[in-house]
1. Mind checking which of B:E26, B:E197, B:E165 has the largest fluctuation in a GNM of chain B, springs on alpha carbons under 10 Å?
2. Which net charge results for the neighbourhood of A:S81, defined as the other residues with beta-carbon distances under 12 angstrom from its beta-carbon, given Lys and Arg at +1 and Asp and Glu at -1?
3. So who's got an amide H within less than 5 Å of the one on B:V127, skipping anything under 5 residues away but keeping other chains? H placed 1.01 Å off N, in plane.
4. Just to be sure I understand: with springs between alpha-carbon atoms less than 10 Å apart, which residue in A:K181, A:K86, A:K38 has the highest mean-square fluctuation in the Gaussian network model of chain A?
5. How many percent of all Cα-Cα pairs in chain A sit more than 20 Å apart?
6. Shape call for region B:42-179 from the C-alpha gyration tensor, a ≥ b ≥ c root eigenvalues: rounded (a/c under 1.5), prolate (a/b greater than b/c) or oblate?
7. Once amide H atoms are placed 1.01 Å from N in the peptide plane, what residues at a sequence separation of 5 or more from B:S254, or on another chain, have their amide H within under 5 Å of its amide H?
8. P(r) of region A:84-164 in 5 Å steps, Cα pairs, percent per bin?
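Read-outs: derived from the displayed coordinates by stated rules, not from any lab. Just so you know, these numbers come straight off a predicted model, no measurement behind them. Cβ placement follows ideal geometry from the backbone for every residue including glycine, while neighbour counts extend to all protein chains displayed.
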Amino acid sequence: MYKKINTPLSSEVVKSLKVGEQLLISGTIYSARDAAHKRMLEDLDKDGKMPIDVNGQIIYYAGPCPPKPGSVSGPYGPTTSGRMDKYSPRLIEEGLMGMMGKGDRADAVIESMIKNKSVYLAVIGGLGAYTSTLIKSLEVIAYDELGAEALIKIEVEDFPAIVAIDCEGNNLYRTEPDKYKNKFDINMINR
Amino acid sequence: MRTINSNQIQQAIKALFIEANYFLSEDVLNRLRKYEQIEASEIGKEMLCKIVENAELAANQKVAICQDTGMSVVFVELGQEVHIEGINITDAINEGVRQAYKDGYLRKSVVMDPLNRVNTNDNTPAVIHYDIVAGDNIKIQAMPKGFGSENMSAIKMLKPSDGVEGIIDFVVETVQKAGANPCPPIIVGIGIGGTMEKAAILSKKSLLRSLDEKNNNPYYTDLENMLLTRINNLGIGPQGLGGITTALAVKIESYPTHMAGLPVAVNITCHASRHKEIVL
């Protein structure tokens, strides 16, 4: 029931990913939050390039806790993706093929995903401790001074994610809730 | 008069923030397990199971449940018969936070200026609410508050004529708008009455109540149940991917208000609802 994929992604792989599929991702991914996104685009405007080539890559919206001695990474779950909506279309145009985080995306991001063939993956929010066990290496690539908001390169193995919005714009956040409307009764929990 | 050394407060704060971040309390775990049984969505069920497993892993390995170890919110009930010796209580609390986030390997998530946004690198300053009460004890409640859910909170100054229907509409609308962002399943804290800031503080305080504790006002117990029903019938579900487990609980706190007003605040917390307390 899980589909295994490796990074970097290709257009063929992105096109093959269908909404609702559960994935296990292995390879290099980059993590960045709001501040790193802002800086990357400032660098692109100023120098014509960013600290990483985003072509074919996945950006994971997350910032970890510091690791305890002897461990590779501290807890490393996803943050709310909507805060990156302002920055994402530009990165998708630069070749970014995957985004990973929690929560729905803005229409402008989805339109850019359809146009440029990119995919959005949902990671369960709050599984910080579990997620840290899937990180095999971790390296700050840029913006170290941002602390937890730095641009970080990580190697992951079998990192679970769900295709929440595919490159045709099919979107679980907008189709699934309707199926479960009016199915709750307070007696279900008070019993 | 009873004398308490500021060092005791500092140590207590350090221990509370580390414990709160590592150990999810039983009341929340029990609710998660309960909802796992009744969840209608298969993938939702699976996610609830993983959330419980993650909490167990965090407790076993003594690491943070969630990487968002929050802004440090502290409620202090200071007995007026207490004399604090040593350093000033606010400095002691901030020192405790500093040590907790360093020695507990918790994420430093606080920026010094909301616009300039340079990280303070020690998670200080805390947001501290003081109450002076009778007696010679100090009660301290520590709440690391994550911002995925904090960002989805809202406040509205309703008209008295809006009544309870106005409150219901506003709460349901706030949760609907929040959707997947606050990491559902959530706990919804509601403050009704007082002034604007009083309603906001009450909504946060309501999140400190155990999920097993009934509201001592039967009218508000009914309203909590009714709101929980409305919210879980929205279909949002675990992580916003559909299901009946949108909220684990709704908690209401109220306070007298002005005859012209009906303030209502909605403070949302995620399933990693973390708070610990101690009485010194």
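1. Its mean-square fluctuation being the largest, the pick is B:E165.
2. Net of charged neighbours comes to +2.
3. HN-HN under 5 Å from B:V127: B:S72, B:V73, B:V74.
4. A:K181
5. 54
6. Taking the square roots of the gyration eigenvalues as a ≥ b ≥ c, region B:42-179 is oblate.
7. B:I192
8. Calculated over all Cα pairs of region A:84-164, the distribution is 3, 13, 19, 22, 22, 17, 5, 0 percent.
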